[in-house]
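Values quoted throughout were computed directly from the atomic coordinates according to the rules given, and no laboratory measurement underlies them. These figures come from a predicted structure and were not determined experimentally. FYI the Cβ positions are ideal-geometry reconstructions off the backbone, even for glycines, and counts take in every protein chain you see.
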Amino acid sequence: MTLSTALPPAAADLLSTITATRPAPDEITARRTSATALAAALAANSAAWADLVEYRPDRRWSSVLDHATAAAALDPALHADLVGAQVELFSWLPGQATALHDHGGAAGAFAVVHGALTELTVTETAAGGVHDEEVLLTAGRVRPFAPHHVHQVTNVGVLPAVSVHVHTPRPTVVHTYRIAACGLLRTGTEQLG
């Protein structure tokens, strides 16, 4: 018996949908399972990793979930799909937030597992300004994003929140921004692991 046979019904249904559309092993593909599908399946089977989550009052907690552990939480056959990705777990106490940032050209998705998060997305306009949009993401919601996506995520609620993030490819840099009169102004660059 694999862990995938012990998944809750919702996670098992989602996993069967993911794996049913996978190409044959000898096909050459960059990634067979999308970041969105992986984030949704990991969120649906949060019981496999929830005991790893910590809460810190001074700052938001995060931890990279190694690809073998992530694959084991879903289906060991997904190991190859997770090798080039980064899976990260986050906890958010009320008021905790990220800076306005991108993922250095990586695409991905995040799923809210518990609680609710607000995402502020900012894009530059052709006229040199910015367009911003804020959306409330409650437990069960999955938010995909493309490369060059600039956003800020915040727990504006009164309860703690947990989310799982999948980035493809694994990001090597994160840029931070502030909104200026002429558009987005890069304020920093952080090299990652």
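Place a +1 charge on the Cβ of each Lys and Arg in the range 115-193 and a -1 charge on the Cβ of each Asp and Glu, then give the dipole magnitude about the Cα centre in debye, rounded to the nearest 20. The partial results should precede the final answer.
Numbers: 5 positive and 6 negative charges, 43 e Å.
Computed charge dipole of the range 115-193: roughly 200 debye.
At a Förster distance of 35 Å, what's the computed FRET efficiency of H79 paired with H148, Cβ-Cβ distance as r, to 0.05?
Values: r = 29 Å, r/R0 = 0.82.
About 0.75, to the nearest 0.05.
For the range 94-106, in order, what is each residue's ³J(HN,Hα) by Karplus, 6.51 cos²θ - 1.76 cosθ + 1.60 with θ = phi - 60°, in whole Hz (x at glycine and Pro)?
x, x, 6, 8, 8, 6, 5, 8, 10, 10, x, x, 7
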